[in-house]
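Asks: This is the structure I have questions about; it appears just below.
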Amino acid sequence: MKAWGEGLDYQELLAQNDKVMALLTRSELDACFTLDYYFSQVDYIYRRNGIEG
């Protein structure tokens, strides 16, 4: 894999790929790499388990 072997940014390589960009908009591609969805409920989960922070 080029990104791994050459230390390149995988997201940017995908953005430069015509086949990928024919299927996704740039914002859709960016959404695949954001962690916001996964962290959105962290505070709720901590509170529910008695962890304040």
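The values are calculated or read from the model by the stated rules, or taken from the named source; none is laboratory data. Keep in mind that this is a model prediction, so the values were computed, not measured. For neighbour counting, all protein chains shown are included, and Cβ atoms are generated from backbone atoms with ideal geometry for every residue, glycine included.
Asks: Please pick out the residue among Asp30, Asp43 that is assigned to a helix (DSSP H, G or I), at pLDDT 95 or above and surrounded by 10 or more Cβ atoms within 10 Å (Cβ to Cβ).
Replies: It is Asp30.
Asks: For the condition without any contact (Cβ under 8 Å) to a residue 24 or more places away in the chain, in contact with a Phe, Trp or Tyr (Cβ under 6 Å, 6 or more places away or on another chain) and surrounded by 10 or more Cβ atoms within 10 Å (Cβ to Cβ), what is the one hit in Ala3, Ala15?
Replies: Sole residue among the options that is without any contact (Cβ under 8 Å) to a residue 24 or more places away in the chain, in contact with a Phe, Trp or Tyr (Cβ under 6 Å, 6 or more places away or on another chain) and surrounded by 10 or more Cβ atoms within 10 Å (Cβ to Cβ): Ala3.
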